[in-house]
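Enquirer: Okay, here's the structure, questions in a sec.
Each reported figure results from applying straightforward, stated rules to the coordinates on display, with no laboratory input. The structure displayed is predicted, hence computed values, not measured ones. Counting neighbours? That spans all protein chains shown, and the Cβs are built from the backbone with ideal geometry, glycine included.
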């Protein structure tokens, strides 16, 4: 039931109202995401037939951008090896998305790029651009999170640390009162005036 609903691009069955003595199932017939249906067709009926219900549930969770339940994670390497999904990032901040080839097939490469996000160097350039625009006032970390909303706090901190190690930015202040600035810009001075 789960598998067929997902394969047909329909919402998952709901079991609201189920108790110890009876099962209540609600099946909805509308197709929620026609693009995901096209994605499943791209995989192909023969190949899809080799996927188990757990594989289909993983694909559904990935396309909905939902966290993957722990009991499904052991099937993840298979889908990564098949090239059906991709892992973006490393460690705890990593995410899963449907593969580029499948987005290309359904004509949604822009969606793929948005979901994948920008590369590390582009993200650093965006942070630098924002800080240059902020001038001597600098920017609090919360402002920088608005520049890259798809990234976690830890990922943004890593980018800022890279920029600091490169001598591009500096951190002034402590904890929640700290401000990130371009090197050479301090309160009361303009870039280029420091040390003059």
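Enquirer: Label-point separation (nm) for residue 18 and residue 53, each offset 7 Å from Cα along Cα-to-Cβ?
Expert: Between residue 18 and residue 53, the simple spin-label model gives 0.9 nm.
Enquirer: On to the next question. Taking square-rooted eigenvalues a ≥ b ≥ c of the alpha carbon gyration tensor, is the stretch 120-182 rounded, prolate or oblate, where a/c under 1.5 means rounded and, failing that, a/b exceeding b/c means prolate?
Expert: rounded
Enquirer: If each of residue 183 and residue 142 carries a label point 7 Å out from its Cα toward its Cβ, how far apart are those two points in nm?
Expert: If labels sit at residue 183 and residue 142, their model points lie 2.9 nm apart.
Enquirer: Quick one: if you stick a label point 7 Å off each Cα along the C-beta vector at residue 119 and residue 175, how many nm between them?
Expert: Label-label distance for residue 119 and residue 175, simple model: 4.0 nm.
Enquirer: Moving to a separate point now. When 35, 94 are ordered from fewest to most other Cβ atoms inside 10 Å of their Cβ, what list results?
Expert: 94, 35
Enquirer: Right, another one. Find the relative contact order for the stretch 120-182 and round it to a whole percent, using C-alpha pairs within less than 8 Å whose residues are 6+ positions apart.
Expert: 42
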